[in-house]
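Below you'll find the structure, written out as structure tokens, and then a few comments.
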Amino acid sequence: MGGSVAGTLVGKGAGSLLESIGQAFPDNLYIEVDGKKAWPSGKYQNINAGDKITPPIQGAFDHPTKVTLKE
């Protein structure tokens with residue numbers, strides 16, 4: 001049981017480190033729908049660890065649709 005607690009503590013420490021790195025080095029996010037870039041209008045959107053976005057993507061998905069998030 002002690003190993004589980006230690007693993008949890010190490011995991012939380014690693015998560016904090018990764019979050020700090022994510023804030024310093026944002027991801028360059030863009031979204032494709034059926035292989036065509038749908039968002040953003042520029043090359044990409046910077047997004048930091050923990051950020052939440054609501055991209056303005058709308059459509060009538062009346063067929064199987066592939067939505068891809070890329071960085």
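The values are calculated or read from the model by the stated rules, or taken from the named source; none is laboratory data. Predicted model, so just to flag it, every value in this text is computed and none were measured. Using ideal geometry, Cβ is built from the backbone for each residue, glycine included, and neighbour counts are taken over all protein chains shown.
For segment 7-44, how many residues meet the condition of being under 26 Å from residue 57 (Cβ atoms), of a type outside the set (Asp, Glu) and at pLDDT 60 or above?
Number satisfying all stated conditions: 18.
Can you pull out the residues in segment 31-50 that are touching a strand residue (DSSP E or B) at 6+ places or on another chain (Cβ under 7 Å), among the polar types (S, T, N, Q) and either surrounded by 14 or more Cβ atoms within 10 Å (Cβ to Cβ) or assigned to a loop (DSSP other than H, G, I, E, B) (or both)?
If the condition is that a residue be touching a strand residue (DSSP E or B) at 6+ places or on another chain (Cβ under 7 Å), among the polar types (S, T, N, Q) and either surrounded by 14 or more Cβ atoms within 10 Å (Cβ to Cβ) or assigned to a loop (DSSP other than H, G, I, E, B) (or both), then 45 is the only one that fits.
Return the residues of segment 28-41 that are without any contact (Cβ under 8 Å) to a residue 12 or more places away in the chain and under 17 Å from residue 54 (Cβ atoms); say none if nothing qualifies.
Result: 41, single match.
Note down all Cβ pairs under 9 Å where the first residue falls in segment 44-71 and is within 11 Å of residue 30 (Cα to Cα) and of a type in the set (Asp, Glu), the second is at pLDDT 85 or above and part of a loop (DSSP other than H, G, I, E, B), and they're at least six residues apart or on different chains.
Short answer, once both residue conditions are applied: 71/44.
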